Each structure stands twice: as C-alpha cells, then as structure tokens.
Amino acid sequence: MKPGQAILACALVLAGTCPLAAAGTPAKVSGATALALAGVIAPLSPDLTGPEKKAVAMLFAANADVPYKKAIVVTADRIVCRTGNVDITIRNCEVTFGKKVKTVNGSTANEIFATEALAGVPPDGAAGSNFESLSKLSCTIDPNAIRRKDGSGADCTFQPGN
C-alpha cells in the first residue's frame with residue numbers, strides 16, 4: 001500500500017467508514033451513516049411497528065422532532081445487493097429478516113447498495129455484476145439523543161460479507 005493510500009485508509013477508519021474492512025470482521029458505524037443504514041432498511045422490516053417505521057423515516061428525512069421517544073432497533077439477518085456492470089439496468093437487493101426474504105429493485109435497491117458502500121461494506125465482483133453483502137445488521141436509533149443534534153443517537157453493527 002502506498003503512503004497516500006495508508007493515510008486515506010486510516011482517515012476512513014477514524015471517520016467510522018472503512019471500505020477496506022475484511023469480510024467477516026465485525027464492523028460498527030455511528031452517526032449519519034448509521035441513521036442512513038437504518039433509514040433504508042426500516043421500511044422493509046416486518047419486525048418494526050408502524051410508529052417505529054414512521055419515526056425512523058422522519059429522522060432520516062431531517063426531522064428530529066419525532067413524537068416517538070423510545071429507542072428503535074432495526075435489524076436484518078442478511079442483505080445482499082447486486083448491480084450490473086454489463087446489463088446496467090440490474091439493481092436488486094434481497095433483505096432477509098428471519099425466514100422472510102424481501103426483494104427490492106430499482107431506486108430502493110440502489111439506495112441500499114450505496115448506503116452499504118457508505119458504511120464500508122466491501123464490494124465483490126462476478127462476471128457482469130457487482131455485489132455487496134452484510135449479515136447480522138443491528139442498528140439502534142435513539143430519537144431523544146438525535147434530537148440533541150450532537151451527532152449521537154445512531155449506532156449500527158454488522159458483519160461485512162456473507
């Protein structure tokens with residue numbers, strides 16, 4: 001690794017997003033990145049209540065004044081996203097919640113794919129495709145902490161890769 005690359009890698013680690021994280025190594029993100037990750041997965045979750053989904057959506061849409069006061073935990077057992085680099089129309093993600101699998105396409109899949117990249121999930125390639133995957137996602141969103149606007153209130157942990 002060149003010195004400039006090493007400095008960039010260290011800066012990314014300190015910032016909480018490390019695209020160089022090895023598959024299987026537990027990862028943690030906080031703040032805006034964690035809120036974004038929870039924000040793109042929460043609408044798909046069969047485990048969240050309507051008020052919890054609404055609160056996460058409001059927070060993700062820059063509205064910290066949500067009526068929901070309790071911490072919200074957004075989880076997914078596995079997320080696998082694929083985009084095409086030959087068939088450039090392909091964008092899909094499979095999000096697994098226990099035994100339930102939700103498949104999303106288009107802009108929703110693109111949001112999840114891009115947010116995984118932002119969170120430091122390393123890409124993997126195959127003939128004509130780009131993949132990103134993670135497992136054991138657990139995000140804790142605390143509306144009361146987010147309301148303080150001090151950068152706290154959103155934390156996620158996950159395992160990059162399958």
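Values quoted throughout were computed directly from the atomic coordinates according to the rules given, and no laboratory measurement underlies them. Please read all numbers here as calculations on a predicted model, not as lab measurements. We place every Cβ from the backbone using ideal geometry, glycine too, and count neighbours over all the protein chains shown.
Under 16 Å from a point placed 7 Å out from the Cα of A114 along the Cα-to-Cβ direction: which residues of the stretch 138-162 have their backbone N that close?
Counting only backbone N, you get no residues.
For the stretch 15-120, treating each Cα as an identical point scatterer without solvent, what Debye log10 I(q)/I(0) comes out at q = 0.15 1/Å?
-0.68
With a point put 7 Å past each Cα toward its Cβ, work out how far A62 is from D77 in nm, to one decimal.
Label-label distance for A62 and D77, simple model: 3.8 nm.
With θ set to phi - 60° and the Karplus curve 6.51 cos²θ - 1.76 cosθ + 1.60, what are the ³J(HN,Hα) couplings of the stretch 65-76 in order, to the nearest whole Hz, using x for Gly and Pro?
Along the stretch 65-76, the couplings run 8, 8, x, 6, 10, 7, 5, 10, 10, 9, 10, 8 Hz.
Name the aspartates and glutamates eligible as straight-distance cross-link partners of K99: C-alpha to C-alpha under 18 Å, and not fewer than 8 places from it in the same chain.
D47, D77
Counting only C-alpha contacts under 8 Å and six or more residues apart, can you give the relative contact order of the stretch 69-162 as a whole percent? Don't skip to the end; give the middle numbers.
On the way: 196 pairs, mean separation 30.2, N = 94.
Once divided by the residue count of the stretch 69-162, the mean separation gives 32 percent.
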